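Notes follow once the structure below has been shown.
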Amino acid sequence: MKKILGRIAVALLLLTFVAIVLCFYFDKFTYAYSIILVLFFIFAGMGQIYKLKNDEYMFRKTSRRYEYEDYTR
């Protein structure tokens with residue numbers, strides 16, 4: 001399932017880049033910049049989600065270690 005979704009995401013990303021290039025070619029600068037802004041928001045949101053997942057993982061990892069050390073003392 002992840003492999004299929006990954007291919008779909010890559011295809012959509014390539015189509016988006018083609019759309020940006022075509023918008024600049026046909027002098028539709030507003031549309032091109034708005035697509036770039038949407039891409040920026042999507043990637044920024046993905047980065048925040050991954051950061052949140054990493055913070056949650058690190059919190060669980062460190063809290064388990066302290067509980068284990070307290071238990072073994």
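The values are calculated or read from the model by the stated rules, or taken from the named source; none is laboratory data. Just so you know, these numbers come straight off a predicted model, no measurement behind them. Using ideal geometry, Cβ is built from the backbone for each residue, glycine included, and neighbour counts are taken over all protein chains shown. Note: areas computed on protein heavy atoms with side chains; ligands, DNA, RNA excluded. Shrake-Rupley method; radii C 1.70, N 1.55, O 1.52, S 1.80 Å.
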Open item on the list: Need pairs with beta-carbon distance below 9 Å; first residue under 30 Å from VAL21 (Cβ atoms) and within segment 39-61, second open to solvent by less than 90 Å² (accessible area, probe 1.4 Å); sequence gap 6+ or separate chains.
Closed with: LEU39/LEU13; LEU39/THR16; LEU39/ILE20
Task: TYR50 vs. criteria open to solvent by 90 Å² or more (accessible area, probe 1.4 Å), at pLDDT 85 or above and aromatic (Phe, Trp, Tyr) - done: yes
Open item on the list: Conditions first: (1) at pLDDT 95 or above; (2) open to solvent by 90 Å² or more (accessible area, probe 1.4 Å); (3) of a type outside the set (S, T, N, Q). TYR68 passes all but one, so which condition is the exception?
Closed with: (1)
Task: Boolean, ILE8 is open to solvent by less than 100 Å² (accessible area, probe 1.4 Å), free of Cβ contacts under 8 Å to residues at least 12 places away in the same chain, among the hydrophobic types (A, V, I, L, M, F, W, C) and in a helix (DSSP H, G or I) - done: yes
